[in-house]
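The values are calculated or read from the model by the stated rules, or taken from the named source; none is laboratory data. Being a predicted model, the structure only gives us computed values, none of them experimental. Counting neighbours? That spans all protein chains shown, and the Cβs are built from the backbone with ideal geometry, glycine included.
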Amino acid sequence: MRTGIFIDGSNFHETIKTLGIPVDYARIRGLFPEVHSAMYFTALLPKEIHSGLRPLVDWLQDHGWQVIHKEAKRYVDDSGREKIKGNMDIELALNVYDLVKEKAIEHVALFTGDGDFRYLVERVQQLGAYVTVFSSDDMVSRDLKRQAQRYVDIDTLRSDIIRRDEPMVRRRITMGWSA
């Protein structure tokens, strides 16, 4: 089953930070038997501001991931504090929907807990896609979790996706579908 891996960068980052998992993205990709596309969605800080995200983006691009990004926007909130905003939900949703509609993928591996994606999941299921949501029990929207055919708590994959120096031992995710 051709899989598309879609990572909501900001949401996934908060999840793995909360769980204390230093993630190896090659290991995430290695969980799936047939990866058609692997996409990471993120907003980047303006170039003049140092960002720890830039080395990750470079690594992902050098290792077969497509990074979809835009520059985050700065603004001042009502209390006068400077904030940075960069939502990638539309970009992620359109990429998922297009790939499913084109029949390029049959399985959507969605790494987010954001409930805003519940309707996307419903729509691609109507097109015949099988959807697995990967998040944390503490951070996933109940509606998103219920809508997906399968939900996987990232913490249960800790030993399979953690960054380490030893060679990768591949454990494939079995989704329970029939080919």
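When segment 5-42 is filtered for residues that are more than 15 Å from Leu60 (Cβ to Cβ), of a type outside the set (Phe, Trp, Tyr) and either surrounded by 19 or more Cβ atoms within 10 Å (Cβ to Cβ) or touching a Gly at 6+ places or on another chain (Cβ under 6 Å) (or both), the ones remaining, listed by number, are Asn11, Thr15, Leu31, His36.
When you look at Lys83, is it over 19 Å from Thr15 (Cβ atoms), basic (Lys, Arg) and modelled with pLDDT under 95, yes or no?
On the way: over 19 Å from Thr15 (Cβ atoms): yes; basic (Lys, Arg): yes; modelled with pLDDT under 95: yes.
Criteria met by Lys83.
Is it the case that segment 140-157 has a residue that's modelled with pLDDT of 95 or more, under 21 Å from Met1 (Cα atoms), out of contact with any Ser or Thr (no Cβ under 8 Å at 6 or more places or on another chain) and not small (Gly, Ala, Ser)? Yes, segment 140-157 has at least one match. Trp65 meets each of the listed conditions (1) exposed (fewer than 13 other Cβ atoms within 10 Å of the Cβ); (2) touching a Phe, Trp or Tyr at 6+ places or on another chain (Cβ under 6 Å); (3) modelled with pLDDT of 95 or more apart from (1). Checked against (1) at pLDDT below 95; (2) closer than 20 Å to Leu60 by Cα; (3) not basic (Lys, Arg), Met175 passes all but a single condition, namely (2).
Each residue in segment 78-136 was checked for being among the acidic types (Asp, Glu), in contact with a helix residue (DSSP H, G or I) (Cβ under 7 Å, 6 or more places away or on another chain) and under 20 Å from Ile68 (Cβ atoms), and 3 of them qualify.
When the residues of segment 89-105 are narrowed to those that are surrounded by fewer than 21 Cβ atoms within 10 Å (Cβ to Cβ) and in contact (Cβ under 8 Å) with a residue 40 or more places away in the chain, which ends up farthest from the chain's Cα centre (by Cα)? Per the criteria, the residue is Ala104. Could you tell me whether segment 118-128 includes any residue that is at pLDDT 95 or above, of a type in the set (A, V, I, L, M, F, W, C), touching a strand residue (DSSP E or B) at 6+ places or on another chain (Cβ under 8 Å) and assigned to a strand (DSSP E or B)? Taking every residue of segment 118-128 in turn, none turns out to be at pLDDT 95 or above, of a type in the set (A, V, I, L, M, F, W, C), touching a strand residue (DSSP E or B) at 6+ places or on another chain (Cβ under 8 Å) and assigned to a strand (DSSP E or B).
Filtering segment 129-143 to residues that are under 15 Å from the mean Cα position of the chain (by Cα) and either of a type in the set (D, E, K, R) or over 12 Å from Val108 (Cβ atoms) (or both) leaves Ser135, Ser136, Met139, Val140, Ser141. Restricting attention to segment 107-117, the residues that are of a type in the set (Asp, Glu) and either assigned to a helix (DSSP H, G or I) or crowded, with 23+ Cβ neighbours inside 10 Å (or both) add up to 1. Considering segment 1-106, the qualifying helices (runs of 4 or more DSSP H), each wholly inside and each with 3 or more residues that are hydrophobic (A, V, I, L, M, F, W, C), run over 9-19, 53-62, 89-101.
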